[in-house]
Amino acid sequence: MTLDSPLTSIKGVGAELAKKFSNLNIHDVGELINYYPRRYDDYSLIQRVSQIRPGVVTIKAVIKQARGRYVRRGLHITEAIASDETGSVRLVWFNQPYRATAIKPDIEYYISGQFELSYRRLSIMNPSMELVSDFPINTARIVPIYKQIKGFKSTDIRKAIRSVSNLIESLPETLPSWIIKDQKLMDYNKAVFNIHFPGKSNDLVRAKQRLGFEEVFELVLAALLNKYELLKEKSVVVPFKQSLARQFVSHLPFQLTAAQRKVVWRIYQDLEKTQPMNRLVEGDVGSGKTVVATMAALMAMEQSYQVAFMAPTELLARQHANTIHSLLKPLGFDNQVGLLVGSLSQSRKSQAYKRIKSGDIRMIIGTQALIAEKVDMPKLGLIIIDEQHRFGVEQRKKLQAKAGHMPHVLSMTATPIPRSLALTLYGELDISVIDSKPTNRKSVVTSIISPNSRAQLYDKIDKELSSGRQMFVVCPQIHESDIASGTSVESAYDQIKKVFNNIRVGLIHGQQKSDIKNQSMADFASQKLDILVSTTVIEVGVDVPNATIMLIENAERFGLAQIHQLRGRVGRSAHQGYCYLIPSDSKAPSSRLRALESSTDGFALAELDLKLRGPGAIYGSLQHGQLDLRIANLTDTKLISAARQAAQQFIDKSENLLKYKQLHSQVKKLRAVTNLN
């Protein structure tokens, strides 16, 4: 048997079970071995019956009697008495009628489960049990619990993995010996074995440390290799013209913050180098990233280079086009700005293609379609990417082929990324942070409102709407029929229309066609709608200065960083902004939600989210596997630092990656990871 062998080569795995495994994306032995547990139940303490107390217990006992019966239609109960030399205890199983006939009399079993009060008697409820052996799988040890699907249990996975344990023990090492020694890591085969079947809690800790280190090491090594490959490339030199920068700033209706000035200066220094810029600008909601990007673009346009500005949605692309057009108009560069999005008519697209090819349009704003084959940007010098934090090597090469050189790349995000996360995921990027906001921007007042206090809240909102302001209502799901409970946009839309008479209400969500979403958003922006009921599709970048209220239903369902993004959609003018968080029930709100009332620091909230809920809470959903670290904890700064140092040493030592088959395969995949697939 090898890692490539089909699952049916494992004893006890037939075609039907193999089909169930395929629903978990497990198709061969290697994928089975790499399917790690999501948690563990510790049944390792074996007690005598006389010692057990309510809670998780394991005993070694003989079953004296067992019987099953139907107590009412659809409910079957199996009861048994387990005994050792110190006493007896009742076992109870629900709807497992096979139990009574399967139990062998006068043979010792390991029995593990929850010892608790049931029908006024202490019993071990729905216990796992198996014959006493030197290697129990489901009891009497630290038992792995795997993510499972309907009709498919962790016991099936444990049995299959136990059957290939000999293969696990012979797995080859995946990292250089010097890293194993320097980092005092467990051998790879032992780590994989102990992640599935830990003998002791310390074995599990060391296994997680080893495999977590390797996950981060692979990710960082991939990022560093991308970075060094890019440094070998040549880009165009864009000289800094101080007079032009001063002229631009003099026409702004506000003063640049010190943070904006610092970041712009770093970008100008990058653009003057022959190596391609690869910088990520992080800036909290409303920190002024678009102005910074426009100042970078201006220097390239002045030298007759072209700039491609890519946004994740057509809606955001149009918004950026309007903003940048007005920023560049006082300098006379506005006629060099063009928009290229899918909804343009064919004739307007053809016209845009011609103007781009001729160089008449020097700044092209659009979606990912900008890098399509039809778009010919012969003088492309700079790419600006909004809210898509990684621009892949392959995309760069396509553009390099068009322009004849590697373009500079500036990425921007309003998602505050904790430093440990940013260094791990975006190690190939130079990172700058705009860590302050314009002084004239008011903080959004955030309040948690009990569901029982809706009437009073609606009175407040009605007064605000009556004064000409607008409101977003955000819900966690689209349809009421979704598996997860919660308020849907459809039910909220109906409710809002009933509560607020004579108020114009719109609806927007991800399952609508683009033209419908764009029209709803345009109507809201032009004040043809007073209230917009939405999912989180409005989370990033939407700018409606007249909107002052953000109402979030089932607030506990969202990450802190995500709510911080949402409330950044309001209070974007001289008017005070308000964010109301309504939890699902009237219980005392969690300290996690309370943090939003007291803090407007997006980075502090993101750190708290990362600590409490993991990286998914920051991004809303995992992106192309980048955050899908199965073992590593991204709050473990010591591990991340060690992995980064080892990755740098690997490169400094000129290690041959091809010597390490599995490492090479993983790094190759990670180097290709991009948000622009």
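The values are calculated or read from the model by the stated rules, or taken from the named source; none is laboratory data. These figures come from a predicted structure and were not determined experimentally. Here the Cβ is made from the backbone with ideal geometry for all residues, glycine too, and neighbour counts use every protein chain on show. Areas reflect the complete protein model, heavy atoms only, side chains present, ligands, DNA and RNA absent. Shrake-Rupley method; radii C 1.70, N 1.55, O 1.52, S 1.80 Å.
The single residue among Ile137, Ile168, Ile111, Ile195 that is closer than 27 Å to Ile81 by Cβ and modelled with pLDDT of 95 or more turns out to be Ile111. With respect to the stated conditions, Ile195 fails to be open to solvent by 10 Å² or more (accessible area, probe 1.4 Å) and either part of a helix (DSSP H, G or I) or under 30 Å from Ala61 (Cα atoms) (or both).
Select from segment 236-264 the residues that are within 17 Å of Thr323 (Cβ to Cβ), of a type outside the set (Val, Ile, Thr) and in contact (Cβ under 8 Å) with a residue 12 or more places away in the chain and list them in ascending order.
Initially, segment 236-264 is screened for residues within 17 Å of Thr323 (Cβ to Cβ), giving 248-249, 251-254, 256, 260, 264.
Subset that is of a type outside the set (Val, Ile, Thr): 248, 251-254, 256, 260.
Phe248, His251, Leu252, Phe254, Leu256, Gln260, listed by residue number.
Taking the conditions exactly as written (within 30 Å of Ile385 (Cα to Cα) and touching a helix residue (DSSP H, G or I) at 6+ places or on another chain (Cβ under 7 Å)), does Ile434 satisfy them or not? Working first, answer last.
Working: within 30 Å of Ile385 (Cα to Cα): yes; touching a helix residue (DSSP H, G or I) at 6+ places or on another chain (Cβ under 7 Å): yes.
Spelling it out, Ile434 is indeed within 30 Å of Ile385 (Cα to Cα) and touching a helix residue (DSSP H, G or I) at 6+ places or on another chain (Cβ under 7 Å).
With respect to Val56, is the statement that it is open to solvent by 40 Å² or more (accessible area, probe 1.4 Å) and β-branched (Val, Ile, Thr) true? For Val56, the condition - open to solvent by 40 Å² or more (accessible area, probe 1.4 Å) and β-branched (Val, Ile, Thr) - is met. When Val62 is tested against (1) among the β-branched types (Val, Ile, Thr); (2) surrounded by 14 or more Cβ atoms within 10 Å (Cβ to Cβ); (3) closer than 24 Å to Lys153 by Cα, only condition (3) is not met.
Applying the set (1) in a helix (DSSP H, G or I); (2) touching a helix residue (DSSP H, G or I) at 6+ places or on another chain (Cβ under 9 Å) to Gln495 leaves exactly one unmet item: (2). Checked against the criteria, Thr424 does not count as more than 21 Å from Asp270 (Cβ to Cβ), in contact with a strand residue (DSSP E or B) (Cβ under 9 Å, 6 or more places away or on another chain) and crowded, with 19+ Cβ neighbours inside 10 Å. The single condition from (1) at pLDDT 80 or above; (2) open to solvent by 30 Å² or more (accessible area, probe 1.4 Å) that Val409 fails is (2).
For segment 44-53, a tally of residues being open to solvent by 60 Å² or more (accessible area, probe 1.4 Å) and either within 46 Å of the chain's Cα centre (by Cα) or not polar (S, T, N, Q) (or both) returns 5.
State yes or no: is Ile385 of a type in the set (A, V, I, L, M), surrounded by 15 or more Cβ atoms within 10 Å (Cβ to Cβ) and touching a Ser or Thr at 6+ places or on another chain (Cβ under 8 Å)? Let's see the steps before the verdict.
On the way: of a type in the set (A, V, I, L, M): yes; surrounded by 15 or more Cβ atoms within 10 Å (Cβ to Cβ): yes; touching a Ser or Thr at 6+ places or on another chain (Cβ under 8 Å): yes.
Spelling it out, Ile385 is indeed of a type in the set (A, V, I, L, M), surrounded by 15 or more Cβ atoms within 10 Å (Cβ to Cβ) and touching a Ser or Thr at 6+ places or on another chain (Cβ under 8 Å).
Scan Ile161, Ile180, Ile142, Ile149 and give me the residue that is farther than 30 Å from Gly68 by Cα, open to solvent by less than 80 Å² (accessible area, probe 1.4 Å) and touching a residue at least 40 places away in the same chain (Cβ under 8 Å). Break it down into steps so the answer makes sense when it comes.
Details: Ile180 fails: touching a residue at least 40 places away in the same chain (Cβ under 8 Å); Ile142 fails: farther than 30 Å from Gly68 by Cα; Ile149 fails: farther than 30 Å from Gly68 by Cα.
Residue meeting the stated conditions: Ile161.
With the requirement that a residue be small (Gly, Ala, Ser) and closer than 17 Å to Tyr36 by Cβ, what does segment 147-162 give you? Before you say what the answer is, go through the steps one by one.
Our first condition is that a residue be small (Gly, Ala, Ser); within segment 147-162, this holds for 151, 154, 160.
Selection gives Ser154, Ala160.
Of all residues in segment 209-246, those being in a helix (DSSP H, G or I) and more than 21 Å from the chain's Cα centre (by Cα) number 15. Entry remark, segment 427-446: residues being among the small types (Gly, Ala, Ser), more than 16 Å from Lys289 (Cβ to Cβ) and open to solvent by 30 Å² or more (accessible area, probe 1.4 Å) number 1 in total. Summed over segment 26-43, residues that are open to solvent by less than 40 Å² (accessible area, probe 1.4 Å), over 26 Å from Asn202 (Cβ atoms) and outside any helix (DSSP H, G or I) total 2. No other residue among Asn518, Asn546, Asn554 is under 25 Å from the mean Cα position of the chain (by Cα) and over 19 Å from Asp601 (Cβ atoms) apart from Asn554.
Inspect segment 660-667 for any residue being polar (S, T, N, Q), buried (at least 16 other Cβ atoms within 10 Å of the Cβ) and either touching a Cys at 6+ places or on another chain (Cβ under 6 Å) or at pLDDT 85 or above (or both) and give the result as yes or no.
Step one: filter segment 660-667 for residues polar (S, T, N, Q), giving 662, 665-666.
Pick out the ones that are also buried (at least 16 other Cβ atoms within 10 Å of the Cβ) and you get 662, 666.
Of the ones still in play, those that are also either touching a Cys at 6+ places or on another chain (Cβ under 6 Å) or at pLDDT 85 or above (or both) are 662, 666.
Scanning segment 660-667, I find at least one residue that is polar (S, T, N, Q), buried (at least 16 other Cβ atoms within 10 Å of the Cβ) and either touching a Cys at 6+ places or on another chain (Cβ under 6 Å) or at pLDDT 85 or above (or both), so the answer is yes.
Of the residues screened, Val13 is not one that is in contact with a Gly (Cβ under 8 Å, 6 or more places away or on another chain) and either hydrophobic (A, V, I, L, M, F, W, C) or open to solvent by 40 Å² or more (accessible area, probe 1.4 Å) (or both).
Note on segment 228-273: among residues that are out of contact with any Ser or Thr (no Cβ under 9 Å at 6 or more places or on another chain) and hydroxyl-bearing (Ser, Thr, Tyr), the one that is modelled with the lowest pLDDT is Tyr228.
Of the residues in segment 123-130, not one is closer than 22 Å to Ile631 by Cα, among the aliphatic types (A, V, I, L, M), touching a residue at least 60 places away in the same chain (Cβ under 8 Å) and buried (at least 21 other Cβ atoms within 10 Å of the Cβ).
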